[in-house]
1. Accessible area of the stretch 78-140 with a 1.4 Å probe: how many percent of it is carbon plus sulfur?
2. Using 19 Å as the cut-off for backbone N distance, which residues of the stretch 66-83 belong to the label zone defined by a point 7 Å from the Cα of residue 129 along Cα→Cβ?
3. Provide the per residue accessible area, probe 1.4 Å, for the stretch 152-250, rounded to a whole number of square angstrom.
4. For the stretch 78-140, what relative contact order do you get, as a whole percent, if you take Cα pairs closer than 8 Å and at least 6 residues apart?
5. Given a 1.4 Å probe and heavy atoms of the protein chains only, how would you sort 163, 207, largest accessible area at the top?
6. Under 14 Å from a label point 7 Å along Cα→Cβ of residue 140: give me every residue in the stretch 62-100 with its amide N that close.
7. Subtract the Cα-Cα distance of residue 245 and residue 278 from 0.36 nm times their separation in residues, and report this length gain in nm to one decimal.
8. Restricting to DSSP loop positions (anything but H, G, I, E, B) with no more than 13 other Cβ atoms inside 10 Å of their own Cβ, which GluC sites (Glu not before Pro) remain in the stretch 206-282?
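The values are calculated or read from the model by the stated rules, or taken from the named source; none is laboratory data. As the structure is a computational prediction, the values presented were derived from the model and not from experiment. All Cβ positions, glycine included, derive from the backbone under ideal geometry; neighbour counts span all protein chains shown. Just so you know, the surface numbers come from the protein's heavy atoms only, side chains and all, with ligands and any DNA or RNA stripped out. Shrake-Rupley method; radii C 1.70, N 1.55, O 1.52, S 1.80 Å.
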Amino acid sequence: MLLPAARLAARRLLGLASSSSSAASESAAAAVARRLSPSPISYYAAAGCSSSRLFSTALNYHLDSPENNPNMKWEFTEANMKKVNEILSHYPSNYKQSGIIPMLDLAQQQHGGWVPVAAMDAIAKIVGVAPIRVYEVATFYTMFNRTKVGKYHLLVCGTTPCMIRGSREIEDALLEHLGVKRNEVTSDGLFSVGEMECMGCCVNAPMIAVADYSKGAEGYSYNYYEDLTPKRVVEIVEMLRRGETPPRGTQNPERKNCGPAGGNTTLHSEPKPPPCRDLDAC
């Protein structure tokens with residue numbers, strides 16, 4: 001069933017490509033191309049994997065490389081090992097595996113924004129489980145990066161409210177300015193662009209989150225930048241490049257936090273409390 005589906009998808013994509021003759025269509029196609037990094041499926045096809053295996057495991061697959069293989073030596077730093085012990089102190093001794101998620105996050109911060117398989121193996125040893133139990137978690141949650149990212153990993157919200165408010169244009173501006181595709185790293189290693197689902201700032205859409213791995217685990221930060229325009233998001237990138245700290249939160253000078261532009265029109269004073277504690281008796 002998978003192979004006919006793959007052929008049908010390929011035919012549809014070729015049909016769309018061949019029908020894109022106008023300048024507007026070419027521009028849209030270029031924007032889509034910038035968003036999409038080289039397909040992992042094509043990579044594994046070149047490695048000789050079967051088609052059924054490609055479609056079932058391509059996104060969760062691992063192939064050893066010189067910089068990412070289980071034979072690499074990887075361990076938490078002394079400072080981070082103290083954090084690991086603090087994490088484990090929250091759980092009974094027979095439930096150490098409950099600390100896998102925070103430990104993967106800590107490993108990602110230590111390793112410059114991504115988690116190699118050797119780090120997963122190290123965590124498995126610490127919590128006393130088979131490595132596959134850690135792999136399952138790392139491949140399930142998209143917040144764990146299993147390939148290199150930039151020191152500043154720019155995550156564009158792609159969920160409906162942000163998309164309606166222009167998140168596609170925000171992502172296109174980033175990709176064009178940096179000269180990369182989605183999930184690629186710039187040649188200087190500073191930036192990469194990814195996509196995230198809803199980050200809870202719909203009222204300030206569109207927005208991005210910036211994971212800053214430039215200072216290691218001790219200086220790690222994760223900040224939101226909201227009410228963005230294509231021009232403003234490029235300005236934020238250049239501020240980060242210069243080592244500056246852009247103001248977090250809304251980028252609309254007429255707004256404060258999540259309040260309306262121009263200031264509140266209601267709630268100008270403290271709300272009145274109920275006349276009594278028992279509301280049914282009031």
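1. Numbers: 1730 of 3080 Å².
That fraction is 56 percent.
2. 76
3. Numbers: 4430 Å² over 99 residues.
Accessible surface, normalised per residue, equals 45 Å².
4. Numbers: 41 pairs, mean separation 17.4, N = 63.
Once normalised by length, the contact order is 28 percent.
5. From most exposed to least exposed: 163, 207.
6. 97-100
7. Details: separation 33, 0.36 × 33 = 11.88 nm, distance 4.87 nm.
Contour length minus the Cα-Cα distance gives 7.0 nm.
8. Working: sites: 218, 226, 235, 238, 244, 254; in loops: 218, 244, 254.
Counting only loop positions with at most 13 other Cβ atoms within 10 Å, the GluC sites (Glu not before Pro) in the stretch 206-282 are 218, 244, 254.
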